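Taking it in order: structure first as structure tokens, then the write-up.
Nothing in this text is a laboratory measurement; each read-out follows from the coordinates by a stated rule. Keep in mind that what you see is a predicted model, and the values were worked out from it rather than measured. With ideal geometry, Cβ positions are generated from the backbone for all residues, glycine too; neighbour counts draw on all protein chains shown.
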Amino acid sequence: MAIKATQFEVHPSAGVPIYLQIIGQINAMIAGGHLNAGDMLPSVRQMATELGVNAMTISKAYSKL
């Protein structure tokens, strides 16, 4: 199953770096059984465009997983 970028949301004023917010949401999806081994995450470009953030932010989040 592919996860869609629209399933994520970020809050720039939350005081938590955006890349950590994304990591937290992915970890929550895994813990909740909504994301399993082999599931596809959105591409860096797609996720960045959908969330309105820099692609490097998404790349950093993905590299920390």
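Summary table
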quantity: Members of the range 49-61 that are over 13 Å from T6 (Cα atoms) and surrounded by fewer than 17 Cβ atoms within 10 Å (Cβ to Cβ); calculated: N54, A55, M56, S59
quantity: Qualifying residue in the range 12-32 (condition: among the aliphatic types (A, V, I, L, M), assigned to a loop (DSSP other than H, G, I, E, B) and touching a residue at least 12 places away in the same chain (Cβ under 8 Å)); calculated: no
quantity: The range 35-48, residues that are free of Cβ contacts under 8 Å to residues at least 24 places away in the same chain and surrounded by 13 or more Cβ atoms within 10 Å (Cβ to Cβ); calculated: S43, V44, A48
